[in-house]
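Participant: Sharing a structure, written as structure tokens. Questions coming.
The values are calculated or read from the model by the stated rules, or taken from the named source; none is laboratory data. What you are looking at is a predicted structure, and each value in this text was computed from that prediction instead of being measured. Cβ placement follows ideal geometry from the backbone for every residue including glycine, while neighbour counts extend to all protein chains displayed. In case anyone asks, the SASA skips ligands and DNA or RNA and just uses the protein heavy atoms, side chains included. Shrake-Rupley method; radii C 1.70, N 1.55, O 1.52, S 1.80 Å.
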Amino acid sequence: MLFSLLSSSLLLAATASALPAELESRATNQYLTNSHVAITELQTFYKQPSPAPWAGGWWNSANCLTLLADLRAKDSSSFLTSITDGANGVFKTTLNNQARDSTNALSYTDFFDDQLWWILALIKTSDVTKDTSFLQAANLTFAAVTLNNKASNNPCGGLANAYPSEKYLVKSSTIATVLYVAAAAQLATRYPAQKTYFLNKATTQWSWITKNILIDGIMQGDALTGSPPSCSNNHAFLTYIEGVALQALVALYHATNDASYLTTADTLATKLLSGKYGMMDSNKIALEFCDNENSCNPDLAQFKGIMMRGLRTLRDAKPDVAGGQIKGFLTKNADSIWNNDRQSGTNLLGEKWAGPFVLESGSAMQLSSHSSATMALVQAALANM
Ligand SMILES: *[C@@H]1O[C@H](CO)[C@@H](O)[C@H](O)[C@H]1NC(C)=O
């Protein structure tokens, strides 16, 4: 037994050394292998035709599309391309089944932030497929958000999360505003002829964030409430707000070449990874405030993967940020998810990444927990490719 194990590992080593460097690292990238297993499980939720094909909320589906596009950027395996590519693949089918308004913007809920999640998903999908129909849909949806999200509705500034008739309307929503910055800055680099237009939108809202939300170098508060001059901030810390802020800063850097955006992002990531703000446990495993009591809803359960995505995006732009800690953080969290927060048999991933795995009730909670954890595995895989 010992001998045969030894000889098979020698055989593997001999085979690996004969491979080109890229294939060799791929052969040993356990995070990629685990991502594939998690994506197989993710696809058990996928049902077309629907604007929200992974069920759960519409925005959760945008994040499922995003994680597949993230991985597809570096992974051309037949496993992944058979899911994502071609006329019947997930990318094209998901776009074709979107609900559209009279301007052809994606429109399925009353929420601007849902539209903005889709814009980011479509831009990423456009980047990896080189199919401009995704980018056009993103551009038209951005125009709809810009037209309908009226500054006069938001006396404390920023953007609202939803149309005024929506019962869950939050004026001056941090997440809607920071998503808008990320979307506008990303469109600025993809539409050079309209760069000034998009960049003005991005920098106007970013300056609202720097005045009101980016406090002591880290994003604080999910909204401003009240009215001027007494707009107030609850100083809440939510993992996805940090993640989208990192996306926004990297996009602003790419659009402007102004390295100060990366300095701001470096500070943010350093503070985040210090663990002082309640977004990770004492072992540096990511944590949402509701995880320990198992009281998250399907929105909250989606958040942590988005933080990991922001960190990985920042590291791609500048590998040595945050004292070079990001890769270790991504891999440690992916290890914990895989070893401690996975249902044996199904490979369904749970919400509390430190474990133990808890089967959430309802497919919406299961989908958002699983897709958030899968997004984290994908970011670890990408950091190792
Ligand atoms: C983006 O959409 C706007 C409509 O708001 C349109 O005027 C513009 O031409 C579009 N840009 C491109 C490059 O398609």
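Participant: May I ask you to compute the full-extension gain from Asp316 to Thr40, defined as 0.36 nm times their residue separation minus their alpha-carbon distance, rounded to one decimal in nm?
Facilitator: Result: 96.7 nm gained on full extension.
Participant: Place the peptides 170-176, 198-204, 151-157, 370-376 in order of packing, highest mean first, counting for every residue the other Cβ atoms within 10 Å and averaging per peptide.
Facilitator: So the peptides 170-176, 198-204, 151-157, 370-376, ranked by packing, come out 370-376, 170-176, 198-204, 151-157.
Participant: Sort Tyr108, Tyr168, Tyr261, Tyr163 from largest to smallest accessible area, using a 1.4 Å probe on the heavy atoms of the protein chains.
Facilitator: Sorted by accessible area, descending: Tyr168, Tyr108, Tyr163, Tyr261.
Participant: Give me the percent of accessible area attributable to carbon and sulfur for region 2-383, probe 1.4 angstrom.
Facilitator: 54
Participant: Under a cut-off of 20 Å between alpha-carbon atoms, report the aspartates and glutamates in cross-link reach of Lys167, not counting same-chain residues fewer than 8 places apart.
Facilitator: Those aspartates and glutamates meeting the cut-off are Asp110, Asp113, Asp114, Asp222, Asp299.
Participant: For the chain, return all DSSP H helices satisfying: extent of Cα atoms along own axis at least 15 Å; mean Kyte-Doolittle hydropathy at least 1.6.
Facilitator: Membrane-span-like by this criterion, though nothing is claimed about a membrane: 2-17.
Participant: Cross-link candidates for Lys47: which lysines have Cα within less than 18 Å, leaving aside residues fewer than 8 places away along the same chain?
Facilitator: The qualifying lysines are Lys92.
Participant: Let me ask something else about it. So what's the net charge close to Asn294: Lys and Arg +1, Asp and Glu -1, counting the other residues with Cβ under 9 Å from its Cβ?
Facilitator: Around Asn294, the charge tally is -3.
Participant: So if we plug the beta-carbon distance of Thr103 and Ala73 into 1/(1 + (r/R0)^6) with R0 = 30 Å, what FRET efficiency do we get, rounded to 0.05?
Facilitator: My answer for the efficiency is 0.55.
Participant: Would you mind getting the accessible area per residue of the chain, heavy atoms of the protein chains only, 1.4 Å probe, in Å²?
Facilitator: On a per-residue basis, the chain sits at 41 Å².
Participant: Taking the mean number of other Cβ atoms within 10 Å as a proxy for protection, how do you rank 353-362, 60-69, 308-317, 89-98 from highest to lowest?
Facilitator: 60-69, 308-317, 89-98, 353-362
Participant: Of Glu293, Glu242, Glu41, which has the most accessible area with a 1.4 Å probe, and how do the rest follow in descending order?
Facilitator: Result, largest first: Glu293, Glu41, Glu242.
Participant: Which value in deg cm²/dmol, rounded to the nearest 500, describes the helix-derived mean residue ellipticity at 222 nm for the chain, given -39,500 (n - 2.57) per DSSP H run of n ≥ 4 and division by the residue count?
Facilitator: When only DSSP H runs of four or more count, the value is -18500 deg cm²/dmol.
Participant: For region 2-383, what does the alpha-carbon gyration tensor say about shape, rounded, prolate or oblate, given a ≥ b ≥ c as the root eigenvalues, a/c under 1.5 as rounded, and a/b over b/c as prolate?
Facilitator: Taking the square roots of the gyration eigenvalues as a ≥ b ≥ c, region 2-383 is prolate.
Participant: Ranked highest first by the average count of other Cβ atoms within 10 Å around their residues, in what order do 126-137, 331-342 fall?
Facilitator: The most tightly packed comes first, giving 331-342, 126-137.
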